[in-house]
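J.: Okay, here's the structure, questions in a sec.
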Amino acid sequence: MSIQVRNLSKSFGDFHALRNVSVDMESGQLTAVLGPSGGGKSTLLRIIAGLEEADRGTVLIDGSDVTNVAARNRGIGFVFQHYAAFTHMTVWDNVAFGLKVAKAPKGKIKARVGELLDLVHLSGLAPRYPAELSGGQRQRMALARALAVEPALLLLDEPFGALDVKVRQELREWLRRLHDEVNTTTIFVTHDQEEAMEISDQIIVINEGRVEQSGTPDTLYDRPVNDFVMGFLGPVTTLGGNLVRPHDIHVSRTAGSAGHPARIERLVSLGFETRLVADPGPGADPVTVQLTRNHIHELALEVGDQVYLSVSAHPARLLTALEG
Amino acid sequence: MADVAIGGTLLRRRGAPLRRPVSAGIGPGLSVLYLSLLVGLPVAALISKSANVNAWSFVWHDPHTRSVLEFTFFIALAIAVLNAITGVALAWVLVRDDFPGKRIVNSLIDLPFALPTIVAGLVLLTLYGPGSPIGVNVAATRVGVLFALLFVTLPFVTRAVQPVLLSLELDVEDAAACLGAKPLTIFRRIILPAILPATLTGAALAFARALGEYGSVVLIGGNIPHTEIGSQVIANLVENGAPQAAAAVGLALIVMALLVLLVLALVTRRWSRHA
């Protein structure tokens with residue numbers, strides 16, 4: 001199921017959540033809507049779901065205009081950051097809710113709920129209540145509940161935002177596998193660029209209510225259209241007035257043709273990677289460089305040493321840093 | 001009486017206390033002593049006072065007393081049911097809707113509690129009595145008594161349900177909507193189960209209050225047998241030198257209240273076990 005969003009605007013009082021946003025999401029893809037908090041990404045998702053009404057603009061699902069269709073008639077599965085569990089119902093009843101509302105035959109409900117609980121590995125917990133589950137289990141239940149009505153479109157609003165790092169890591173891999181298995185179109189909102197890079201086919205970067213850029217994770221990482229996207233998709237540092245990725249900086253002990261002299265201020269060992277902070281002299285910001293530990297050993301770098309920094313042969317992307 | 005229902009909701013959730021300080025015995029001891037002096041002892045005195053075959057035979061056989069007790073019970077039940085409906089509606093409007101003057105309306109809810117009940121009775125008599133400025137005269141009728149009781153019990157359900165409605169996550173309703181539920185289904189299947197315990201607690205308190213109300217009904221009731229409720233019968237019996245019969249009527253009221261509170265507490269417990 002493909003989604004086309006055309007010229008969407010939405011304000012809450014003086015706050016412009018979305019300003020003339022147009023995006024496309026292709027059928028069968030896993031799309032991440034990425035951006036900082038308050039950037040409008042959740043609003044976009046809620047408007048697609050029909051939970052929020054746009055001030056202007058249209059939403060097309062598979063080519064048909066659903067702008068004025070109520071949420072309950074859009075056939076969309078929605079997963080909320082804080083689970084939105086029906087606390088007075090068992091896990092089984094939570095998952096069965098949509099089927100019961102649709103008055104599906106009892107036998108079908110039973111089979112479908114069993115199947116879904118298997119899919120999210122909660123079969124053993126069917127008679128429990130949400131309060132008796134862990135955060136990760138609750139979110140898996142919420143996912144099963146959303147999938148029960150076989151939505152062609154699955155929307156997830158910061159689905160792993162309330163979970164701890166380890167569970168989040170597990171669940172995001174699992175979501176990717178699930179997406180491939182059930183074969184829906186999936187859109188999820190996140191402020192975590194790593195999460196977006198890791199599992200999505202397409203990323204839409206939204207900031208201050210505008211789409212900054214959309215494309216594959218590699219495109220966005222390697223060819224960001226502006227400083228914001230570059231900064232949001234990965235670490236950046238400034239070298240000679242240019243915004244570069246810290247792993248694209250080459251460190252040498254001898255001055256080359258384009259080497260910027262700098263003095264090593266700090267060496268931070270982070271396991272495989274070592275972070276080098278160098279001072280290029282007065283008036284310039286410290287430069288951060290990512291190196292492997294071996295590289296540091298080869299060059300026998302020490303704090304206080306003079307080095308020459310240059311951008312490696314094929315930098316992912318060079319952007320002129322904004323002045324000021 | 002009120003303590004039973006409130007305790008029922010407050011004490012339910014957790015099991016044993018997490019830590020036991022050295023002074024563990026003192027707190028409970030003092031609490032029990034205080035409750036005994038204020039509640040236990042008077043009730044015990046009432047029981048011992050009414051421990052008299054003639055008194056109970058009077059309650060059972062005197063047609064007027066019986067009909068008053070029946071009327072009291074049923075009007076209190078009606079008050080509980082009506083309050084459950086209007087109280088939820090009021091709480092809903094105050095939590096979910098925005099309109100000018102909402103804060104004023106919100107503070108008006110507490111007025112029946114703040115007003116001395118006899119003043120409430122006076123207010124109602126002025127408005128709905130003979131010479132009513134709006135032409136409605138329900139003085140000395142059972143409808144008048146119903147009005148008075150509705151007035152003094154107004155805050156119970158509203159104030160019990162309001163915080164629960166406030167704490168409901170809107171996401172949960174959105175989730176139900178995405179799953180295809182219509183607004184009415186969402187209310188019935190999602191919201192109602194969440195607010196039912198608070199509604200029942202409020203209704204139980206309104207019931208208990210209606211059962212024992214005196215000040216507000218005494219004026220609008222018009223002092224005729226037809227509109228008397230339990231508390232007035234007790235006052236009359238005491239005035240006429242029949243304290244044992246009065247105690248028996250009092251105990252009958254207490255038993256009614258306890259029975260209703262017990263039933264509601266059981267229902268509440270069943271519903272809110274997992275909330």
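J.: Name the single residue, out of those in the stretch B:177-224 being among the aliphatic types (A, V, I, L, M), touching a Phe, Trp or Tyr at 6+ places or on another chain (Cβ under 7 Å) and more than 30 Å from B:Leu125 (Cα to Cα), that is farthest from the other protein chains (Cβ to nearest Cβ).
T.: If we take residues in the stretch B:177-224 being among the aliphatic types (A, V, I, L, M), touching a Phe, Trp or Tyr at 6+ places or on another chain (Cβ under 7 Å) and more than 30 Å from B:Leu125 (Cα to Cα), then B:Leu196 is farthest from the other protein chains (Cβ to nearest Cβ).
J.: Could I ask something else about it? Every residue in the stretch A:88-105 that is surrounded by fewer than 17 Cβ atoms within 10 Å (Cβ to Cβ) and either in contact (Cβ under 8 Å) with a residue 24 or more places away in the chain or in contact with an Asp or Glu (Cβ under 7 Å, 6 or more places away or on another chain) (or both), please.
T.: Answer for the stretch A:88-105, where residues must be surrounded by fewer than 17 Cβ atoms within 10 Å (Cβ to Cβ) and either in contact (Cβ under 8 Å) with a residue 24 or more places away in the chain or in contact with an Asp or Glu (Cβ under 7 Å, 6 or more places away or on another chain) (or both): just A:Ala102.
Residue-by-condition table, conditions (1) touching a residue at least 12 places away in the same chain (Cβ under 8 Å); (2) in contact with a Ser or Thr (Cβ under 7 Å, 6 or more places away or on another chain); (3) on the phi < 0 side of the Ramachandran plot:
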| residue | (1), (2), (3) |
| --- | --- |
| B:Leu196 | yes, no, yes |
| B:Gly222 | yes, no, no |
| B:Pro225 | yes, no, yes |
| B:Ser231 | yes, no, yes |
| B:Asn236 | no, no, yes |
| B:Ala242 | yes, no, yes |
| B:Val267 | yes, no, yes |
| B:Arg270 | no, no, yes |
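J.: Cβ-Cβ distance below 8 Å, separation of 6 or more or different chains: which pairs start in the stretch A:111-140 with a residue that is within 14 Å of chain B (Cβ to nearest Cβ) and touching a residue at least 40 places away in the same chain (Cβ under 8 Å) and end on one that is of a type in the set (Lys, Arg) and assigned to a helix (DSSP H, G or I)?
T.: Listed by first residue and then by second, the contacts come to A:Pro130/A:Arg138.
J.: Restricting attention to strands (runs of 3 or more DSSP E) lying wholly within the stretch A:119-208, give those where 1 or more residues are surrounded by fewer than 20 Cβ atoms within 10 Å (Cβ to Cβ) and either out of contact with any Leu (no Cβ under 8 Å at 6 or more places or on another chain) or at pLDDT below 95 (or both). I'd like the intermediate steps shown before the answer.
T.: Values: elements: A:153-157, A:185-190, A:202-207.
Because the criterion is at least 1 residues that are surrounded by fewer than 20 Cβ atoms within 10 Å (Cβ to Cβ) and either out of contact with any Leu (no Cβ under 8 Å at 6 or more places or on another chain) or at pLDDT below 95 (or both), the strands (runs of 3 or more DSSP E) in the stretch A:119-208 that meet it are A:202-207.
J.: If you take the residues in the stretch A:75-96 that are outside any loop (DSSP other than H, G, I, E, B) and at the interface with chain B (Cβ under 8 Å from one of its Cβ atoms), which one is farthest from A:Ser123 (Cα to Cα)? Can you show your working first?
T.: Filtering the stretch A:75-96 down to residues outside any loop (DSSP other than H, G, I, E, B) leaves A:76-79, A:91-96.
Narrowing further to those that are at the interface with chain B (Cβ under 8 Å from one of its Cβ atoms): A:76-78.
Values: A:Ile76: 24, A:Gly77: 21, A:Phe78: 21 Å.
The selected residue is A:Ile76.
J.: Pull up the stretch A:73-87, narrow it to residues that are at negative phi and either surrounded by fewer than 22 Cβ atoms within 10 Å (Cβ to Cβ) or basic (Lys, Arg) (or both), then point me to the one that is nearest to the chain's Cα centre (by Cα). Break it down stepwise before answering.
T.: So in the stretch A:73-87, the residues at negative phi come out as A:73-74, A:76-82, A:85-87.
Filter once more, so that each one left must be either surrounded by fewer than 22 Cβ atoms within 10 Å (Cβ to Cβ) or basic (Lys, Arg) (or both): A:73-74, A:81-82, A:87.
Values: A:Asn73: 27, A:Arg74: 24, A:Gln81: 13, A:His82: 17, A:Thr87: 28 Å.
Step by step, filter the stretch A:73-87, then rank; the result is A:Gln81.
J.: Please verify whether the stretch B:132-139 includes one or more residues that are on the phi > 0 side of the Ramachandran plot and either surrounded by fewer than 24 Cβ atoms within 10 Å (Cβ to Cβ) or modelled with pLDDT of 90 or more (or both).
T.: yes
J.: Moving on. Testing A:Lys108 on (1) within 28 Å of the chain's Cα centre (by Cα); (2) surrounded by fewer than 16 Cβ atoms within 10 Å (Cβ to Cβ); (3) within 25 Å of A:Thr185 (Cα to Cα), one condition comes back false. Which one is that?
T.: (1)
J.: Still on this model: Cβ-Cβ under 8 Å, sequence separation 6+ or interchain: first residue in the stretch B:122-148 and among the basic types (Lys, Arg), partner assigned to a helix (DSSP H, G or I). Which pairs?
T.: These pairs meet every condition: B:Arg142/B:Phe71; B:Arg142/B:Ile75; B:Arg142/B:His226; B:Arg142/B:Thr227.
J.: Across the stretch A:32-63, which residue is surrounded by the fewest Cβ atoms within 10 Å (Cβ to Cβ) among those that are farther than 30 Å from A:Glu194 by Cα and modelled with pLDDT of 90 or more?
T.: Taking the stretch A:32-63 and keeping what is farther than 30 Å from A:Glu194 by Cα, we get A:53, A:55-58, A:63.
From what's left, modelled with pLDDT of 90 or more: A:53, A:55-58.
Values: A:Glu53: 10, A:Asp55: 13, A:Arg56: 13, A:Gly57: 17, A:Thr58: 15.
Filtering first and then ranking leaves A:Glu53.
J.: Hey, another quick one. Tally up the residues in the stretch A:184-201 that are more than 9 Å from the chain's Cα centre (by Cα) and of a type outside the set (S, T, N, Q), please. Quick ask: steps written out before the conclusion?
T.: If we filter the stretch A:184-201 for residues that are more than 9 Å from the chain's Cα centre (by Cα), which is where we start, we get A:184-187, A:201.
Filter once more, keeping what is of a type outside the set (S, T, N, Q): A:187, A:201.
Qualifying residue count, the stretch A:184-201: 2.
J.: Applying the selection to the stretch B:46-90, what residues are of a type in the set (Ser, Thr, Tyr) and within 17 Å of B:Thr158 (Cα to Cα)? First the steps, then the outcome.
T.: We begin by selecting, within the stretch B:46-90, every residue of a type in the set (Ser, Thr, Tyr); these are B:48, B:50, B:57, B:65, B:67, B:72, B:86.
Passing the criteria: only B:Thr86.
J.: Further, regarding this structure: Would you check which residues across the stretch A:38-60 are within 14 Å of chain B (Cβ to nearest Cβ) and either outside any helix (DSSP H, G or I) or of a type outside the set (Lys, Arg) (or both) and list them? Walk me through how you get there before you give the answer.
T.: Let us first name the residues in the stretch A:38-60 that are within 14 Å of chain B (Cβ to nearest Cβ), namely A:42-43, A:45-53.
Across the stretch A:38-60, the qualifying residues are A:Ser42, A:Thr43, A:Leu45, A:Ile47, A:Ile48, A:Ala49, A:Gly50, A:Leu51, A:Glu52, A:Glu53.
The values are calculated or read from the model by the stated rules, or taken from the named source; none is laboratory data. Since this is a predicted model, take the numbers as computed values, not measurements. Every residue, glycine among them, receives a Cβ derived from its backbone with ideal geometry; neighbour counts consider all protein chains shown.
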